[in-house]
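Some notes on the structure that comes next.
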Amino acid sequence: MKILVIGSTGRVGLLLTEKLLQDNHKVVGTSRHGDRLFEASNYSQIDLNLLGSMEEIRKEIPNDIEAVYFVSGSRGKNLLQVDLDGAVKTMRVAEDLGIKRYIMLSTIFSLQPERWNEVPSLRDYYLAKFYADQWLMKNTELSYTILQPGHLKEVKATGKISVNVNDLGDNSIEDVAETLKELLDKESTFQKVISMHDGGIPIKEAVSFS
Ligand SMILES: NC(=O)c1ccc[n+]([C@@H]2O[C@H](COP(=O)([O-])OP(=O)(O)OC[C@H]3O[C@@H](n4cnc5c(N)ncnc54)[C@H](OP(=O)(O)O)[C@@H]3O)[C@@H](O)[C@H]2O)c1
């Protein structure tokens, strides 16, 4: 497939892009810094700024993309414009370009405001992710999956996770990237919100819903 990874310079985005390239997908990464991230011949890169207008974003995106990953974020610095409006613009552009598949990296509790007081410092972040996720679910026809990990940790991957969890746990960044990769074309995960943290079930099995 030809896949756009929005946020491929990030901690999750880099590993996800690498995994998709290893599976021989054609991957288009995004960066605002110019340097090419991967030398692989199945990799190309666009300069995409989520602060740009929809028209500017649309112009950058090749018109033969088949799936989009949104793994971007402003680390709390520009939540409205990047994590919320930036995400929504990419959903609208995806629909304009006829792309069907859209995979959103969100966060646990994004859709449960009653849980937000468990991490008060993340309230504004939760708000941004809440409305971005809501837009994806309610205002688009995209075949979406929303993945909701808890804390991202730079620790060794185990290849094992728990899904549909109800508590805030740690997540190996590499296991999150692997989980995102596994979701790519799994129709049983379309129109689903999947929470996760490190656990005991092999990733492939954990995201194989019947
Ligand atoms: N941190 C956690 O514990 C946690 C927990 C659950 C979920 N998450 C979610 O996971 C996401 C990814 O995490 P991460 O640690 O991989 O993030 P990260 O390393 O901070 O990467 C963020 C990415 O967003 C891109 N970005 C930021 N502003 C942009 C803009 N204006 N236009 C285009 N791209 C922009 C960055 O690109 P540039 O290189 O161009 O800046 C980078 O690729 C987070 O954003 C968050 O929503 C995080």
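Read-outs: derived from the displayed coordinates by stated rules, not from any lab. Source: prediction; values computed, not measured. Heads up, the Cβs are rebuilt from the backbone with ideal geometry, glycines too, and the neighbour counts pull from every protein chain shown.
Among the listed pairs Lys19/Lys77; Lys59/Lys160; Lys59/Lys204; Lys59/Lys153; Lys77/Lys156, those with a Cα-Cα distance over 32 Å are Lys59/Lys160; Lys59/Lys204; Lys59/Lys153.
Give a quick list of trypsin sites (Lys or Arg not before Pro) in segment 1-50 that DSSP marks as loop, anything other than H, G, I, E or B, with at most 13 other Cβ atoms within 10 Å. Can you show the working numbers first?
Details: sites: Lys2, Arg11, Lys19, Lys26, Arg32, Arg36; in loops: Arg32, Arg36.
Of the trypsin sites (Lys or Arg not before Pro), the ones in loops of segment 1-50 whose Cβ has at most 13 other Cβ atoms within 10 Å are Arg32, Arg36.
Summary: within the chain, the longest segment free of GluC sites (Glu not before Pro) located in DSSP loops with at most 14 other C-beta atoms within 10 Å is 40-140.
Over the Cα atoms of segment 1-111, the radius of gyration divided by the Kirkwood radius equals 0.93; this is the Rg/Rh ratio. For the pair Asn166 and Ser143, the difference between a 0.36 nm per residue extended length and the Cα-Cα distance amounts to 5.9 nm.
Please figure out what share of the DSSP beta bridges in the chain is antiparallel and state it in percent, rounded to the nearest 5. Working shown, then result.
Numbers: 5 of 34 bridges.
Taking every DSSP beta bridge with both residues in the chain, the antiparallel ones total about 15 percent.
Sequence-distant contacts, meaning Cα pairs under 8 Å at least 6 residues apart, place the relative contact order of segment 2-206 at 19 percent. Taking 13 Å as the straight-line reach from the Cα of Lys2, the aspartates and glutamates in range (excluding those fewer than 8 positions away in the same chain) are Asp23, Asp64, Glu66, Asp185.
Translational diffusion coefficient of segment 2-206 (Stokes-Einstein, Kirkwood radius from Cα pairs, 25 °C, 0.890 mPa s): 145 µm²/s.
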